[in-house]
Amino acid sequence: MKVLMTEYLRIDLETENWECRVCEHVVGSARGNYKQGLLVYKRDPEDIHPSIIDPEKYKFTFCPDKDWVSIYEFYCPSCGTQMEVEYTFPGHEPLFDMEVDVDALKEQWSHREEILEPVKGPNILVDRTHGHNH
Amino acid sequence: MNTKVNVDTEVEDQELIQKFLKDTTLFLGPDPEIIRDHRIMPRTPSEEECMDKYTDLNQISSIRDRLQSACEEGFEMVEQMGAAPGAKWGDIITGIYSASGDLTIGSAGGVLIFSALVHHPIKFIIKNWVDEHTVGVNEGDGFIHNDSRYGNVHNTDQSMILPVFHEGKLICWAASTVHEGENGAIEPGGMPSMAETSFDEGLKMSPFKVVENYEIKRDILTFLQNSVREPKLQYEDMKVKLFACMRLEQRIKEVFATDGPDALTACLRYTNESVVTEVRRRITEWPDMTVRTQTIMDSTLRENALLKVNLAVTKKGDRLIFDFSGTSPELTNRAINTQLPGMKGMVGQAFMNHIWPDLPRGQAGLSPIEFVTQQGSLVDCSYEAPNSQSLMSIFHSFTVAQHATAKFLYSCPDKYTRVLAPWHNMINTFIWGGVNQHGEMLGNLCADLNGMGGGARMDRDGEHALAPIFATMADIGEQEMNEEEVPFLQLVSKKMTANTQAPGKYRGGMGYTMIASTKDSDQWGFMTTTQGSKVPTIQGLFGGYAGGSYPLCKVTDVDVYDVLLKNPEQFKHSIHETMNEQLFPGAKYSTHHMGMGFDISKRGELYMISQGSGGGYGDPLERDPTYVIMDIEEGLITSDWAKKLYKVEFNEETFALDLEATEKLRADYRELRKQQGKPYAEFVKEHVKDTPPANIPFYGSWNGDVDTIYAGSLDDKRDASNIGPIYVTNPKDVRIGELEAELEAVRKQAGIPSTDTRK
């Protein structure tokens, strides 16, 4: 049985591995940090959050200051899917963000049916496709 | 020796000591026993008896519905009659509390965090004033409160608290809370970022009696009115809250008449206990794991600095533990600290708004959740530290909680809401004050703080300028109505700034631009109290990005109203055109971080800010290309940025998509990622450092070591269990020091001796 843990990661309870949900790539042991099985890239903030006002003229421009924040991108080494992004302090280690108790997960899912598509939950939004009613 | 006699004597001695201590207490200060405990109180014998007597869950449910309706009625009354801008757009709540003080039912609209906090002052009243012969708690009494050290967000929020009796017996409490704004602090509007001690923050009201026989005591009222900049508002809203509480009391007494007070007591206790049981059940459904996250605060609102909000959430069985160890220490002379209840209440808000909104809106939802903090940290500050801008640290607490819980929720078969990327979390708005066009002194803020961009969900984009994180159902008010009372115009409002969205498979909801300018007063000014001008304040989710940063832009030495009359073509309706084109002759253009202290404005000068975007969800390369085109058509993003970010190919005139070319662009870009990305170990070796950046003040733990806390420099490392106070130098003194050093260097270079070398 496989448990869907994030948009792009699942855990195979039999092999106890993290897997990429896009390409089936085995990322690493589910008892460890999945990020250690991914590729990491330090993104220049200007690529994502461009300066809206002229950086030659102004100190604050809508673009984050790259001396104050680093953006780490984590990719699947097999298919290149961007699985996680972390905004962090320059020089800070990436976070071990999901430390799973695999034994407890196995026990929990031994009482459940396998789920192949993520459960979205109730749709509580009003249908706004018909415009205003007044 | 008779053991029984000895035991009895010991008990008598203990009682005597307790009585002595109580009788001789010189100061009833903030009580840690009350404000450090967010759990519902133990079941009392009286509640036990009532629950034995009333077991019909249909009756319990019926009473609960009637009480819920009463809370909605009270909410409507305050919203319709309240004078404070906060009241008009829903920065309020009304609630019913058990005899022990636990909030059981809160109004569906309004600011939920209040509900998690007002139980503290009620418990203070129960502990200290019920048996105090100089005070007492009687039918028709009303108590006022705003001091966060006795349980509150910050002291701009004032509560009215009314005990409800039946035949002389206290059955429950009714309370109403409003973000009043003005409170007599050193800056107008009630949330001074310039406060350096708690004595700079204006009125600090521990719970005290201001109402007897359902009438406000005029002598105390007059004192309160003299203590704030808006005396009429102070009176009007005290009356409004009192009448809302009296309406709640009326509805409660109607329940007494039909079902009896014991049935109501049983209802309140059943409700709280069943919510606790249900929360534990829902926690059990989550996977057992630890999730770690952090956010970056880039400002103290006085100066830029890097402060960490650190969170590890551990779920095991039916336990859920929020551990904030490693978070920045408190800054003892800056206003951004929070008292512990404020942080907990905001985490409760995350659950009530976005995770389990179906549960009754009360205190019980948070009751089973455990918290770990380091005392003296930003999220558990000392009583001495100012906290008038506690919103900064509690909003970050909300975001780390929201970010972490999303990673628990994804795998759950039962969900009560969509998995959601973090909401925008800052109050990008203008706080204002001074003398208005009618000659009245005012101090308050624009409702635009309620227009925070929503986070993207697992199946759809975030909604623009939707709601504040502290109230899902709040309004942003009518600008034209505001302009009847304040002497400035929002010349541009509700307009998005292109390319400021948080990209993702589903993008975050964007915020809007505001350009304000004073017109009809020579005694008027603005403040902004927001972080995020250098570093995004949130995180994205599962490969989505956060929103960007945003500046405060100012244009001075211009009267834009003259420009609009004589050369209207020079006025542009966006920040980027105004700042980049610089069309006003002789005007000065500048940018600043978003912590602007109260700034006296001149007629026609421009103050320009922009809301932030909610977080993005998922890999941007998976974004449906048609959604990209829709965003371009709506002016949310530009074509070049869309192509760069989302890798889409289309005709720029017709917007016709080339799906095949798009697919190829995306496939190529995935290959590029694989080339530019480095294996984890190699990346860590190249980029990770053992210490924080040396040239930027950093506060908090570094990497995984939460026991050592940096306090602003690499040389100042402290033991997390005993952090101690941290005083930050006034930024003006820092600047004077820099300029003096520069002057000294220039003098030396030019051979000009100093004018006075004496020490």
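The values are calculated or read from the model by the stated rules, or taken from the named source; none is laboratory data. This structure is a prediction, so every number in the text was calculated from the model and none was measured. Glycine gets a Cβ as well: all are built from the backbone with ideal geometry, and neighbour counts include every protein chain shown.
When the strands (runs of 3 or more DSSP E) confined to the stretch B:155-254 are screened for residues that are in contact with a Cys (Cβ under 6 Å, 6 or more places away or on another chain), those reaching at least 1 such residues are found at B:157-166, B:169-179. Scanning the stretch B:610-640 for residues that are over 19 Å from B:G540 (Cα atoms) and more than 31 Å from the chain's Cα centre (by Cα) turns up B:P625, B:T626, B:I629, B:M630, B:I632, B:E633, B:T638, B:S639, B:D640.
Could you say whether any residue in the stretch B:291-313 is in contact with a helix residue (DSSP H, G or I) (Cβ under 7 Å, 6 or more places away or on another chain), in a loop (DSSP other than H, G, I, E, B) and within 10 Å of another protein chain (Cβ to nearest Cβ)? Scanning the stretch B:291-313 turns up no residue that is in contact with a helix residue (DSSP H, G or I) (Cβ under 7 Å, 6 or more places away or on another chain), in a loop (DSSP other than H, G, I, E, B) and within 10 Å of another protein chain (Cβ to nearest Cβ). Let me confirm something: among A:V27, A:V40, A:V100, which residue is more than 7 Å from chain B (Cβ to nearest Cβ), over 29 Å from B:N580 (Cβ atoms) and either crowded, with 16+ Cβ neighbours inside 10 Å or over 19 Å from the mean Cα position of the chain (by Cα) (or both)? Of the residues listed, the single one that is more than 7 Å from chain B (Cβ to nearest Cβ), over 29 Å from B:N580 (Cβ atoms) and either crowded, with 16+ Cβ neighbours inside 10 Å or over 19 Å from the mean Cα position of the chain (by Cα) (or both) is A:V27. One residue stands out among those in the stretch B:155-207 that are among the small types (G, A, S) and at positive phi: the one that is surrounded by the fewest Cβ atoms within 10 Å (Cβ to Cβ), which is B:G168.
Tallying residues that are more than 30 Å from B:M191 (Cβ to Cβ), polar (S, T, N, Q) and touching a Lys or Arg at 6+ places or on another chain (Cβ under 6 Å) within the stretch B:272-310 yields 0. Residues that are out of contact with any helix residue (DSSP H, G or I) (no Cβ under 7 Å at 6 or more places or on another chain), more than 7 Å from chain A (Cβ to nearest Cβ) and not small (G, A, S) within the stretch B:667-697 comprise B:D668, B:L672, B:Q675, B:E682, B:K685, B:E686, B:D690, B:T691, B:N695, B:P697, listed in sequence order. For the stretch B:434-464, filtered to residues that are at pLDDT below 90 and touching a strand residue (DSSP E or B) at 6+ places or on another chain (Cβ under 8 Å), the residue that is farthest from the other protein chains (Cβ to nearest Cβ) is B:M441.
One residue stands out in the stretch B:258-281 among those that are among the charged types (D, E, K, R) and more than 28 Å from the chain's Cα centre (by Cα): the one that is surrounded by the fewest Cβ atoms within 10 Å (Cβ to Cβ), namely B:R281. Checking each residue in the stretch B:581-624 for being within 11 Å of another protein chain (Cβ to nearest Cβ), surrounded by 21 or more Cβ atoms within 10 Å (Cβ to Cβ) and in a loop (DSSP other than H, G, I, E, B) picks out B:H593, B:M594, B:G612, B:S613, B:G615, B:G616, B:G618, B:D619. Kindly indicate whether B:L16 is without any contact (Cβ under 8 Å) to a residue 60 or more places away in the chain and farther than 21 Å from B:A175 by Cβ. In short, yes. Can you confirm whether the stretch B:446-468 contains a residue that is in a strand (DSSP E or B), closer than 27 Å to B:V400 by Cβ and of a type outside the set (A, V, I, L, M)? Taking every residue of the stretch B:446-468 in turn, at least one turns out to be in a strand (DSSP E or B), closer than 27 Å to B:V400 by Cβ and of a type outside the set (A, V, I, L, M).
A quick yes/no check of all residues on (1) at the interface with another protein chain (Cβ under 10 Å from one of its Cβ atoms); (2) surrounded by 17 or more Cβ atoms within 10 Å (Cβ to Cβ); (3) in contact with a Lys or Arg (Cβ under 9 Å, 6 or more places away or on another chain):
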residue: A:L13; (1), (2), (3): no, yes, yes
residue: A:N17; (1), (2), (3): no, yes, no
residue: A:R31; (1), (2), (3): no, no, no
residue: A:Q36; (1), (2), (3): yes, yes, no
residue: A:D44; (1), (2), (3): no, no, yes
residue: A:H49; (1), (2), (3): yes, yes, no
residue: A:D54; (1), (2), (3): yes, no, no
residue: A:K57; (1), (2), (3): yes, no, no
residue: A:D65; (1), (2), (3): yes, yes, yes
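Checked against the criteria, B:T528 does not count as touching a Lys or Arg at 6+ places or on another chain (Cβ under 7 Å) and assigned to a strand (DSSP E or B). Just to be sure, is B:V135 at pLDDT 95 or above, within 23 Å of B:Y97 (Cα to Cα) and outside any loop (DSSP other than H, G, I, E, B)? Answer is no for this residue. One residue stands out among those in the stretch B:29-74 that are out of contact with any helix residue (DSSP H, G or I) (no Cβ under 8 Å at 6 or more places or on another chain), outside any loop (DSSP other than H, G, I, E, B) and not acidic (D, E): the one that is surrounded by the most Cβ atoms within 10 Å (Cβ to Cβ), which is B:Q68.
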